[in-house]
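Here is the structure we will look at, set down as structure tokens.
The values are calculated or read from the model by the stated rules, or taken from the named source; none is laboratory data. Please read all numbers here as calculations on a predicted model, not as lab measurements. Note: ideal-geometry Cβ built from the backbone for every residue, glycine included; neighbour counts use all protein chains shown.
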Amino acid sequence: MSDDQSTGNHDAIEAFASENRRFPPSDAFKVDALITGTELYDEAARDDEGFWARQASELIHWDTEWDTVLDWQLPYAKWFEGGMLNVAYNCLDRHVLAGRGDKIAIHWEGEPGDTRTITYQDLLDEVCRFSNVLKDLGVQKGDRINIYLPMIPEAVVAMLACARIGAVHSVVFGGFSSQSLSDRINDAEAKVLITADGGYRRGEVFPLKPAADEACETTPSIEHVVVVKRGGNDVMMVEARDHWYHELMEDVSPDCPAQPMEAEHLLFLLYTSGTTGRPKGIMHTTGGYLTHTTFTHKYVFDLQPDTDVYWCTADVGWITGHSYIVYGPLSNGCTQVMYEGVPNHPNNDRFWEIVEKYGVTIFYTAPTAIRTFMKWGAEEAAKHDLSSLRVLGTVGEPINPEAWMWYNEHIGGGQCPIVDTWWQTETGGIMISPIPGATTTKPGSATFPLPGVSAELIDDDAQPVPVGGGYLTLTRPWPGMLRGIWGDPDRFQETYWSRFPGRYFAGDGAKLDDDGYLWLLGRVDDVMNVSGHRISTTEVESALVSHPSVAEAAVVGANDATTGQAVFAYVILRGGAETDEAELRAHVTGEIGAIARPKRVFITPDLPKTRSGKIMRRLLRDVAEGRNIGDTTTLADASIVDELQAKASESNDG
Ligand code: 7RM
């Protein structure tokens, strides 16, 4: 810990760890890189609106030019008003019209090993037909459509068909329960539900249609259910309400011209769970969102459209799937891989087999996946030729420096820049990230705001923090920003704009180091207070993961009579590795200092995670404080909490 970091009186979070390894872009990478200098940053710093306007006109096809770039009535932004465009046209038609209809849009790989190769022409035809199907079912511009599908190409088709006709999609991740689905349908008052019989996961068919049926018992707005056949499992079809996708698609016209939409036309709702109460329907609109996702997908991944094979491992049910499987990549006309299943079916090397098979060049995944690969051991990746890879990305949580180093060495072969991309469902697209040909990276830092993004770290009194810990805020509107919460303007104002007037704040802590690099420190609710020190769970977790035996760690602050809170750690070991509680406590003391030494360290086979893979520290806090666990509905595997509770009580007795 350096002394200069304790000088601020209002440090929201104290910053402890320091990381001095640096990775400048290699000369070999810079030769063909899109950006190697500061030109975009300089341009945007002079005039951010002008910068975004240039991106919008260069990257997007507009049927009608806009009149005003930005109308900013805090907290409501309107981008490119007066402009008209169609998102599906930008993702499909324009590539086909430019002679790239035979280019592969999607190499789809089913979990059982079946594959589909889909060109831009194929995708356009399928989207046009399904647009006509929706119209025949009575869907009109502005109507809400729910999508509850596995990771199959029809999910992309359904989203783009909605965009083509101006319907608003609301995708619900296939792992959510019927209750979550019906809550989301009812909040949006959706008219049509698009689902499947089932999909493949871990070698088995997981049924979706029964959950959809159950949801529809309490969703009066649903008029039609369209069912894609994928799992082959038996399903019940309700007369007049339910229709097979393949039957509807049989005799429908493939002709459906794209209708231009207003730049601020609602493109989709995506529900995200708040800290309390019911989920929020985050609203994203057309022109700004497409500009933001197209720009960031191109420059953050240094996209070379003629040669790259891009793979984002997210599910389309999350914002990462929306922005970086569907809209950004297809708008940029690139070739991508889409995979249906889990990373360990049939074996732990499935991802690396896919990278080798398709020659993936850009790979984008989550820290939780990387830490799982660490646990499985580097030999899984070593079984395959990964030399096609040239850019690696991460998103979803802070990446611990040692997980970053492992990714760099064992997946990137020491050759690939890593882009650690910070953003949120609410931001629509990437906000803070390296640009791979231009930015010297440090393991664990998301580095700097992208050109056109204004981020500022502040303390409790909203004073800027030049060095050290603080709250991450955004001070200027950006094109992909959320336009509100569906049906709840007060909650929009309250959640994001009230804590620091005039600024957007969605709950993350961060620190700035002496070189101006940003380090995300997790949600501010996850900050611990030990003897009056505000310690980030992320930093203690990273200290634990820097021990050679540790693959993954989750840290929480639990009530403690003497220190206010005490540090409790839950640790997953790397395959075959051994260590014990005393050694790990000592290791944290060595890395950070005695102030962060865990009171207890529990070695566990698993950790409670949300369905999108984020560690649920709230549940661990409940376990550590001996409370019974209440709501586990958003948990991926609820049984792990029971195991941890058993472990906690055993060790307390002993
Ligand atoms: C894209 C996505 C948003 C929250 C966000 C952070 C955390 C995401 C990073 C990260 C550190 C990153 N949308 N987060 N990316 N933290 N470094 N690169 O994940 O709405 O589901 O979550 O995720 O806390 O606020 S999200």
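Picking from Thr421, Thr365, Thr394, Thr425, which residue would you name as being within 30 Å of Asp526 (Cα to Cα), β-branched (Val, Ile, Thr) and surrounded by fewer than 21 Cβ atoms within 10 Å (Cβ to Cβ)?
Thr425
Considering every residue within the range 603-613, establish whether at least one is over 29 Å from Ser273 (Cβ atoms) and touching a residue at least 12 places away in the same chain (Cβ under 8 Å).
Yes, the range 603-613 has at least one match.
Can you report the number of residues in the range 326-349 which are among the charged types (D, E, K, R) and touching a strand residue (DSSP E or B) at 6+ places or on another chain (Cβ under 8 Å)?
Total meeting the criteria: 1.
How many residues does the range 398-415 hold that are surrounded by fewer than 23 Cβ atoms within 10 Å (Cβ to Cβ) and part of a loop (DSSP other than H, G, I, E, B)?
Going through the range 398-415 one residue at a time, the tally reaches 4.
Which residue pairs have Cβ atoms closer than 9 Å, lie 6 or more positions apart in sequence or on different chains, and pair a first residue in the range 212-223 that is over 12 Å from Arg184 (Cα atoms) with a second residue that is at pLDDT below 95 and in a loop (DSSP other than H, G, I, E, B)?
Here the result reads Glu214/Ser177, each pair linking the range 212-223 to a residue that is at pLDDT below 95 and in a loop (DSSP other than H, G, I, E, B).
Give the range 112-126 a look and list any residue that's under 20 Å from Tyr310 (Cβ atoms) and in contact (Cβ under 8 Å) with a residue 24 or more places away in the chain, or say none. Give the derivation first.
Step one: list which residues in the range 112-126 are under 20 Å from Tyr310 (Cβ atoms), which gives 115-124.
The answer is Arg116, Ile118, Tyr120, Gln121, Leu123, Leu124.
Residues checked against (1) closer than 17 Å to Asp308 by Cα; (2) at pLDDT below 95; (3) away from the ligand (no atom under 15 Å from the Cβ); (4) touching a strand residue (DSSP E or B) at 6+ places or on another chain (Cβ under 7 Å):
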residue: Lys357; (1), (2), (3), (4): yes, no, yes, no
residue: Met405; (1), (2), (3), (4): no, no, yes, no
residue: Val419; (1), (2), (3), (4): yes, no, no, yes
residue: Glu426; (1), (2), (3), (4): no, no, no, yes
residue: Ala438; (1), (2), (3), (4): no, no, yes, no
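For a quick check of your reading: which strands (runs of 3 or more DSSP E) sit entirely within the range 280-382 and have at least 1 residues that are of a type outside the set (Phe, Trp, Tyr), touching a Gly at 6+ places or on another chain (Cβ under 7 Å) and within 20 Å of Leu85 (Cβ to Cβ)?
280-285
Condition check ((1) at positive phi; (2) more than 30 Å from the chain's Cα centre (by Cα)) across all residues:
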site	(1), (2)
Asp508	no, no
Gly532	yes, yes
Ala566	no, yes
Arg574	no, no
Asp580	no, yes
His587	no, yes
Arg600	no, yes
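What pairs come up if the first residue lies in the range 344-359 and is touching a residue at least 40 places away in the same chain (Cβ under 8 Å), the second is among the aromatic types (Phe, Trp, Tyr), and their beta carbons are under 7 Å apart, counting only those six or more places apart or on different chains?
These pairs meet every condition: Ile354/Tyr339; Val355/Phe363.
Name the residue, out of Pro605, Pro598, Pro501, Pro548, that is in a loop (DSSP other than H, G, I, E, B) and buried (at least 21 other Cβ atoms within 10 Å of the Cβ). Walk me through how you get there before you give the answer.
Working: Pro605 fails: buried (at least 21 other Cβ atoms within 10 Å of the Cβ); Pro501 fails: buried (at least 21 other Cβ atoms within 10 Å of the Cβ); Pro548 fails: buried (at least 21 other Cβ atoms within 10 Å of the Cβ).
Criteria check complete, one pass: Pro598.
Restricting to the range 369-400, give me the number of residues that are within 13 Å of the ligand (Cβ to nearest atom) and of a type outside the set (A, V, I, L, M, F, W, C).
Residues flagged as within 13 Å of the ligand (Cβ to nearest atom) and of a type outside the set (A, V, I, L, M, F, W, C) within the range 369-400 amount to 6.
I'm checking my understanding of the structure. Among residues of the range 608-623 that are out of contact with any strand residue (DSSP E or B) (no Cβ under 7 Å at 6 or more places or on another chain) and in a loop (DSSP other than H, G, I, E, B), which one is surrounded by the most Cβ atoms within 10 Å (Cβ to Cβ)?
Of everything passing the filter in the range 608-623, Ser612 is surrounded by the most Cβ atoms within 10 Å (Cβ to Cβ).
Could you figure out which of (1) in contact with a Pro (Cβ under 8 Å, 6 or more places away or on another chain); (2) surrounded by 24 or more Cβ atoms within 10 Å (Cβ to Cβ) isn't true of Arg574?
It is condition (2) that Arg574 fails.
In the set Ile118, Ile185, which member is within 24 Å of the chain's Cα centre (by Cα) and either crowded, with 20+ Cβ neighbours inside 10 Å or more than 19 Å from His243 (Cβ to Cβ) (or both)? It would help to see each step written out before you state the result.
Working: Ile118 fails: within 24 Å of the chain's Cα centre (by Cα).
Exactly one residue qualifies, and that residue is Ile185.
Please count how many residues of the range 8-66 are in a strand (DSSP E or B) and at pLDDT 95 or above.
Matching residues across the range 8-66 total 2.
Just checking, which of Ile145, Ile152 is surrounded by 20 or more Cβ atoms within 10 Å (Cβ to Cβ) and closer than 30 Å to Asp349 by Cβ?
Details: Ile145 fails: closer than 30 Å to Asp349 by Cβ.
On inspection, the qualifying residue turns out to be Ile152.
Determine if the range 276-293 includes at least one residue that is more than 30 Å from Asp71 (Cβ to Cβ) and within 14 Å of the ligand (Cβ to nearest atom).
Looking for residues that are more than 30 Å from Asp71 (Cβ to Cβ) and within 14 Å of the ligand (Cβ to nearest atom), one finds none in the range 276-293, hence no.
So which residues in the range 475-498 are crowded, with 22+ Cβ neighbours inside 10 Å and either in a strand (DSSP E or B) or of a type in the set (Asp, Glu) (or both), if there are any at all?
Ile485 - this is the single residue of the range 475-498 that is crowded, with 22+ Cβ neighbours inside 10 Å and either in a strand (DSSP E or B) or of a type in the set (Asp, Glu) (or both).
Going through Arg201, Arg241, Arg230 one at a time, which residue ends up being touching an Asp or Glu at 6+ places or on another chain (Cβ under 9 Å) and either aromatic (Phe, Trp, Tyr) or free of Cβ contacts under 8 Å to residues at least 40 places away in the same chain (or both)?
Result of the check over Arg201, Arg241, Arg230: Arg241.
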